[in-house]
1. Give the residue that is farthest from the other protein chains (Cβ to nearest Cβ), with candidates limited to residues of segment A:67-82 that are among the aliphatic types (A, V, I, L, M) and over 14 Å from A:W187 (Cα atoms).
2. Among the listed residues C:L230, C:L207, C:L171, identify the single one that is in a strand (DSSP E or B), crowded, with 23+ Cβ neighbours inside 10 Å and touching a strand residue (DSSP E or B) at 6+ places or on another chain (Cβ under 8 Å).
3. Got a sec? Which of C:L382, C:L372, C:L388 is assigned by TED's automatic domain parsing to the domain that holds C:P321, touching a residue at least 24 places away in the same chain (Cβ under 8 Å) and in contact with a Pro (Cβ under 8 Å, 6 or more places away or on another chain)?
4. Give segment A:146-159 a look and list any residue that's more than 7 Å from every other protein chain (Cβ to nearest Cβ), in contact (Cβ under 8 Å) with a residue 24 or more places away in the chain and not β-branched (V, I, T), or say none.
5. Assuming C:R862 fulfils every condition listed in (1) under 44 Å from the mean Cα position of the chain (by Cα); (2) open to solvent by 30 Å² or more (accessible area, probe 1.4 Å); (3) more than 13 Å from every other protein chain (Cβ to nearest Cβ); (4) over 15 Å from C:D695 (Cα atoms) apart from one, which condition is it?
6. Is it true that A:K368 is touching a strand residue (DSSP E or B) at 6+ places or on another chain (Cβ under 8 Å) and more than 9 Å from every other protein chain (Cβ to nearest Cβ)?
7. When residues of segment C:693-718 are filtered for being touching a helix residue (DSSP H, G or I) at 6+ places or on another chain (Cβ under 9 Å) and within 14 Å of chain B (Cβ to nearest Cβ), how many remain?
8. Among the residues of segment C:652-692, count how many are away from chain A (no Cβ under 14 Å), surrounded by 23 or more Cβ atoms within 10 Å (Cβ to Cβ) and part of a loop (DSSP other than H, G, I, E, B).
Amino acid sequence: MRYSVASLIANAFSGNRNWTPAWREPEPKSRYDVVIVGGGGHGLATAYYLAREHGIRNVAIVEKGWLGSGNIGRNTTLIRSNYLLPGNEPFYEWSLKLWEGLEQEFNFNAMVSQRGVLNLYHSDAQRDAFTRRGNAMRMHGVDAELLDREGVRRMLPFFDYDNARFPIMGALLQRRGGTVRHDAVAWGYGRGADEMGVDIIQHCEVTGIRVENGRATGVETSRGFIGCDRLALAAAGNSSVVAAMAGLRLPIESHVLQAFVSEGLKPFIDTVVTFGAGHFYISQSDKGGLVFGGDLDGYNSYAQRGNLATVEHVFEAGLAMIPGLSRVKALRSWGGVMDMSMDGSPIIDKTPIPNLYLNCGWCYGGFKATPASGWCFAHLIARDEPHPVAREMRLDRFARGYLIDENGRGAQANLH
Amino acid sequence: MASLIPCPHCGMRPKEEFTIRGAVPDSRPAWGAPIDDPQWFSAVYLRTNPRGRLREHWYHGAGCGRWLIVERDNLSHAVHDVADARARALAGDRT
Amino acid sequence: MSSRRLPEGGLIDRSRPIDFTFDGHKLSGFAGDTLASALLANGRRLVGRSFKYHRPRGILTAGSAEPNALVTVGTGGRREPNVRATMAELHEGMVAESQNRWPSLRFDLGAVNQLFSPFLAAGFYYKTFMWPAALWEKLYEPLIRRAAGLGKATYERDPDRFEKRWAHCDLLVIGAGPAGLTAALTAARSGARVVLVDEQSLPGGSLLGERESVDDMAASDWARQVADELDTMPNVRVLPRTTAFGWYDSNLFGALERVQKHRAEIDAALPVERLWRIAARRAVLASGAEERPLVFGGNDRPGIMIAGAMRTYLNRYAVAPGRKVAIFTNGDAAYRTARDLQARGVEVAAVIDSRPAVSGASAATRTIHGGLVTRSFGGQGLKGIEILGNGKYERIGVDALAMSGGYTPIINLACQRGGRPIWNEGLQAFLAPENEGLAMAGSAAGIYGLADCLRDGIGKAQAALGELGIKPARFDPPKTTEEAGTGFKALWHVGESRAKAFVDFQNDVTVSDLGLAVREGYGHIEHAKRYTTTGMATDQGKLSNLNAIGIVAEARGKSPAEIGTTTFRPFYTPVSFGAIVGANREKHFQPVRKSPLHGWAEANGAVFVEAGLWYRSAWFPRNGETHWRQSADREAANVRTNVGVCDVSTLGKIEIFGPDAPEFLNRVYCNGFAKLPVGKARYGLMLREDGFIYDDGTTSRLAEDHYFMTTTTAQAAGVMTHLEFCAQILWPELDVRFASVTDQWAQMAIAGPKSRAVIAELVDRDISNDAFPFLAAADLTVLGTLPARLFGISFSGELAYELAVPARSGKRVADAVMEAGAKHGIMPYGTEALSVLRIEKGHVTHSEINGTVVPDDLGMGRMASQAKDYVGRAMLGREALRAENRMQLVGLRPAGADRLIRAGSHLLERHAPPSTENDQGHITSACYSPALGHHIALALLRRGHARHGEEIRVWDGLRGEEFPVLVCEPAFVDPRNEKLHA
C-alpha cells in the first residue's frame, strides 16, 4: 500500500481499519540466492538495494530478534559526512546523498532533518585538525564551514563562553548533517524490501554456518537449515560470534556505548553539536527529547547496558558545554553493542571463503552509514567486487597496513 | 563488574581508577621472533571476541600501578578473576 | 473554586499555611502538602495538557508515576520543567506554571488537534510530509517541532550547588513502605550497616495513604516510629526524598536525594540535590506496586483518579476528591476507597465492578457487578459517566471517579541488568527474575496484604544477612488490623467504549492506536512501543505498559507472557544533569594542573592557555604589546640572539631504575639505547605495537642503573602506562622499575647563544662545550646547595639547556635564572615562541606525530634499528608502512610574496584541481618566522622527501585561499646543527 496524503485521508474516513501490514511474516524457504544474517539497518538496506539495484529478489534476511532490533533501534540518530580520510569521506558522502532522497524513494517518512552538525573546537591544535578535516571534505565537494567563536555564539548563544574550563574557540559546521528518525529507517527499508519479495524472517537465530568444499552453503538456524548461494553477514556487534561459525577471527572487539534521552522539552537546541573538550554530543528530536551520548564504557561487552561512571562523564561534558542543562532531567539511558574495529573504520569485503561476504566494524558510526553500507554491500554481493566508494574498506588492510585511522589512535579498539 | 573491580593489591576499587586496554590477545610471539611470524599480526589485530567469558588487560593507574588480567563475563558483567598480569606472565602466561 | 480541604485529619500541618502561585494565581496550602494536593485542595482539577491532542488533564496519581500533572517550577536558573506536581513538596513562594498550552491552560489552541485525530493516528507522520522533499526542513518539521516537547527549559546557569557521594553498606533497602521498614529494622537490629532510601518526604510508603493500624497505632505513626529508631542507630543511614534510579554492576546503585527541593530558602552550604553511589553487598527492593488505570472512553478527564491515590489525598492530605464520587474497579482494593470516602463524609454514588461475582468485598453503596464505565462526560472536569450494567447503559452525575485496574509490582530496578521479567498468571503481572544480590520484598514481589508485606520484609532481610554471614536478630512482625482484599481480574480495556480510551496518558496513545499498530505489522511489543510511542513519555510507562501489553496480546490472540515487556532501563525516575554532574561544572569541569613555575610565569605577566589539564604560559606581553604575535615574535627572536627561559615542567618525566633498564629502553625505543653512556642524553622514538610512532623525548643516563625519561606533555600518562605494560606483561623477567615524577621536578629550558653564560653562573661545575657538550646530562647543584639536573638539550635549535630542580624550588631558581640572565637580555618565552622556534628548526610535535606516521615519514628512518628487536618492529614491516608514496615531512616557504600560511590547509600539485584523488597532503604546523622574516610551515606531503624545490599549491577551501609555496627541507634554521655546539 502506497503512503500518500490521499491514502491517509481515505483511511481516516474508514476509521484507519484498512491499513495493511508493512511487511509479511514469511516462513523461511529452504534456499535463497542470498541469505543476509542480521535484520538491522545494514542488513535491511542491503536486501533493499540487492532487490532494487541488482534485481536479486530471492533474498532472505534472518534476524534473531525483531526487525530493527539492533543498533538501528538504539542509536542517537545522527547523519553527517564530515570525515577526513579518502578511505572514508567518499563513502559517507555517498551515504548522505542517499539519505537526501531516501524517503521519497522508499515512500516512508524517516524525518531526515538536515539541521546541521557542529564540532566545537577549544584549542589551536583542535582548530587545525578540524581545518584539515573541513578541507578534506571540501576537496571532495562536500559542504563544510569553519566558524569562529562569534559564529558559534550567533548560532548557540546559550553555550558556556564565559565561564568554561575549556573555552569554545569555534566549530566546524556541516549544514547538510543532521538527524533521522532511526526506527523509521528500518521500517522503510524493511517495507520496501518486503514489497520487492525479500523474506524478512524475524525471531530466527543463526546457530551455525555450513561450509562445504570451501564454500558457505547456508545457515543453521533456530528455525532449521536455510541454504543459499551467497551468504552475507551484517551482524554488527555480534559479527565476531557469527564469523566464528565460519572459522573466521576478525579485527573486532565488541564494546558497549551508552546513549541517553531527556524528558520532552520545547525546542531547546536546533542543531547537532559535539563538544571538543570531552566526549559529548547532543541533538533534539522532533518529539522534544534531547538525545545525547559520549564515549564507550571502555570494556568488552555484549550486554547492551553500561555503568554509572560513564554516565557521569557524559553528563559532566554536557553541562560544561550548556550550563542551562543543569535542571534538565535525563529520562532514559541505554546501551548498544559496538563492533569496534582496530582502526575505527568499517569493513565491507569478501572473506577467505569465496561466497561469504562481510559487513562489520562500524564502531559507533553505523547509523549514518546505513544507506551506503547497504548500497555497497549489495554491490559487493551482486558483483563480487567492492564498490568504488568502499574500495579501501578491506579486510586485509590490517595485515597490509592500509589502515583507515581517522584519529591515529592505533590498534586499540576502545580508543576509536 | 565494571562499577567496582576487586584489585588483588588494593581491594574493591571504582572503575574510574583503571585504564582498560582491551581483550588479551590469544597468543603473542616470543620477543625477538622473526617479523614475518604471523602471530605478530594476530596479537596486535585479531580478537576472538567471544560472547561470554573473556580476559582483558586493565591498568590500575590511580591505584597500585599494576597491570591486571580481568577475567569476566562480557554478557553478565560478572568478574570471575582478577590477577596481577606480571605474576601470570612469570608463571608462563605470556599473552 | 471552593476549598476541597477536609476540616480535620491528614498529615499536614495546619498551623503552617503556605502561599504559592499556579499560572500566576495566588493559592495557599499547608506544610506537608504536595503541589498536587494543594491544587486539589484549592479545587483545581485542570492542571495540564497532553502531548499530542492537548487534552485537558488533571491529577491521576499521588506519586512518582504521574503522567498528567507535569508543571514547571521555579524561575531564572532554577526553572525546572516537567516537575510532577504529585512529587513536588509545597514550599513558601513556590512558582508553578502549567505546560504545553497556548495561550492558556483553559483555552489552548493546540486542542484543535483533537478534531484532526483521525488523521493523526499512530505513525501518521511516517506516511506523509514527504512531498516535496525540500518542505520538510522548511515547513513541516518546524511546525512539528513547535508542537513538540512539554515544558520549557532555562538557558540560564544554575545558581545552586550539587554534589555526589559514595555510601557502602551491607544491606540497601529501597522503599520505606511496610516491607522496606521491617527489612531495614531487621538488618539494623542485627548490627548490619544499612542504608534505607525512600522517594517520599515521610516514611511509610503506602501506609501514608491508608487508615490501617500497625501495632495498635496509626500506620503512619508506626512508620515514623520505626524511622526514628533507625535514625538513631549509628549503623544506619536513612535517606528520605531519595530515589534509587539505577542498578549497576557490582550491586552499585545510583540514587538521587532531593536535599533542598522542598525548601523556600536555599542554604548555600548544602546542595540542592545529591547523587549517591551506593555500593551494597545486598539489597532489598521494596518499591511497592502501581495501581493500574482502567482503559475506557474518556478515562483521562480531570477528576478521574487512581483509587489508591484518591485514598492518599483523603487520608494523608485531607482533601476530598469531589462531592460525589464513583468507583470503577476490577478488584477488591477499591472497596477501601469507598469505605474511606464514606468515612470522611463524601458521597459514593456507585461502585462499578467489572467482575460478575465478587469475593466478599462489598461497599455500603450501590454496587454494579459485571458493570463497566464506557465513557466520561464533562469539559475540563468530570461531570458524569456512562455505565453499562446488566445490559443497560445509564448515565450518572459524578465529579470524581476512582479507578482501580489491579496492581503492577514495581520491578524496574531489578530488570535493569538484563534479567527479563516473568509473567505470573495468578497475579496478572510480571515479576522480577531471581537476581544475585537483590531480593524483592512486599508488593514489589507481588505480595499485597499488609501483614504479609511486614513479614516478607523481615524474611528477605534475614535471608540477605544470612548470605553475608551476619546473624539476624529475632524480630516478630508487628500486629495489623484486618484489611480488605487485594484480588483482581485483569480488564485490559473496555471494548464497549467508542470514545478515545487512553493507554499512555501523556503521549495520548489510545486503544485504537495499538490496534492499528498490530494491524500494520508492528505487533511486537517493541515495535508497538516505537510506532505508537506508548510508554515513551516522562513516566516511561509506569502506569501504561502493562495495559498496553494486555491490549496487544488480546489483539494478537496471545497471552501477555508471549508478548513480554519492553526493556527496563535507568532512570527509574528522571534525574537532573545537575545531580549527575555534582561539583564538576564550569571551571571545575576538569581538574587544573599547574606547573611549579606557574607562579613565576604569572609574576612575569604570562598569558596562559589550556593544554590538556595544564595551564601553560603561552606568551609574556611587554611594553604595551596587544597581540600575541608581537610577544611571540619578540620572544623567539630574543632566543635566537640572546637567551630566553621557558617553562617545560609539563613534559612527562619518568625515573627508570634497575639493572635491566638499558635493555628495557633498548626495546621500547626503536633507536639504540643499550650503549648510552652515563652522563649522556639521547633523543628517542617510541613506536606503538602497530609500528606507528607513539611518542618522542629524551632519555638521560644518570647512573649505570638509573635513567631519566621525558615524554611529550600530552602522552605523559600514556607513556607511563605503556612502559608498565611492557615491563609487567611483555618482559616480566626484566628487572626494571618506574616512577612518574612529572610533578616532582620544575624544569626550564634556557635557550640561546648566551645560555651557557647564564647557566654557568648558577651551577657548580664547568659547562664549557668540552666539559658539558650538547646531549650531556648530569646531576649537580645550583645556587650552592640545591640538587638539580642539567641536560644539554635543545628544542629551539640554539645552544640550550634544560634545568630541572625540585618543584618547590622552581620559582626560586627561575628567578635566579632571570637575574643571572638580565645582563644578557634574558626574557621568558612561552609556548607560542617555543612553537615558532621548533618549526624553524623542523622539530616535530604531536601535530606531526599524529598516530599515522612512521619514522621514515619524518626523515628518521635510519633511527629504526636493523640490529635489534623493538616494540612495533614487526608491524612496521608491513607493505603500506614501507610504501614509496607515503606522506613525508617537508618544509614549505612562500613561492612569491610572503603571506599567511595556516595549518590544516591541504596541498595540491601546481595545476591540479582540488579533489580527493589529487590531495597531496596537509600542513601540520605553520608560523611566522622572525628569523627568516616570512611565514614557514611543516607539512606531510606525498613522497615529500623527493620533492624539495618543487612548487606546489596550498589549498584552504574553507577560507577560500589558494597560493603557491616551495617545498624545502624541514629545517629552516641551522640545518647543519652548528649552533648546538657553539
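The values are calculated or read from the model by the stated rules, or taken from the named source; none is laboratory data. Because the structure is a prediction, the values reported are computed rather than measured. Cβ sites come from the backbone with ideal geometry, for glycine too, and all protein chains shown count toward neighbours. These accessible areas exclude ligands, DNA and RNA; they are computed on the full protein's heavy atoms, side chains included. Shrake-Rupley method; radii C 1.70, N 1.55, O 1.52, S 1.80 Å.
1. Checking each candidate, the answer is A:L78.
2. C:L171
3. So the residue among C:L382, C:L372, C:L388 that is assigned by TED's automatic domain parsing to the domain that holds C:P321, touching a residue at least 24 places away in the same chain (Cβ under 8 Å) and in contact with a Pro (Cβ under 8 Å, 6 or more places away or on another chain) is C:L382.
4. A:L147, A:M155, A:L156, A:F159
5. (1)
6. yes
7. 2
8. Residues in segment C:652-692 being away from chain A (no Cβ under 14 Å), surrounded by 23 or more Cβ atoms within 10 Å (Cβ to Cβ) and part of a loop (DSSP other than H, G, I, E, B): 2 in total.
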